[in-house]
Amino acid sequence: MTLLFRACPRCNGDVHERADHYGRYEECLQCGHMRDTQPAFSLNIKIKKGKMKPGRKKSAA
């Protein structure tokens, strides 16, 4: 357990770092403010644009 003095963004209180089955987080001892220390889950999806499906007719714009 890590204790950070005056690190709370809301009240400038003391913050300790904890973990549960959802992940790691920081919690203020004075006001109870909580924030995740791990980055949120992100998807790396690449979308290809350009070619149309075969058999489709091109329409005039």
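The values are calculated or read from the model by the stated rules, or taken from the named source; none is laboratory data. Since the structure is predicted, the reported quantities are computational estimates derived from the model, not experimental observations. Virtual Cβ from ideal backbone geometry, glycine too; neighbours counted across all protein chains shown.
Looking only at the stretch 19-39, decide whether some residue is surrounded by 12 or more Cβ atoms within 10 Å (Cβ to Cβ), modelled with pLDDT of 95 or more, part of a loop (DSSP other than H, G, I, E, B) and acidic (Asp, Glu). Within the stretch 19-39 (the criterion being surrounded by 12 or more Cβ atoms within 10 Å (Cβ to Cβ), modelled with pLDDT of 95 or more, part of a loop (DSSP other than H, G, I, E, B) and acidic (Asp, Glu)), the answer is no, since none of the residues qualifies.
Only one entry in Leu3, Leu43 is modelled with pLDDT of 70 or more and in a strand (DSSP E or B), namely Leu3.
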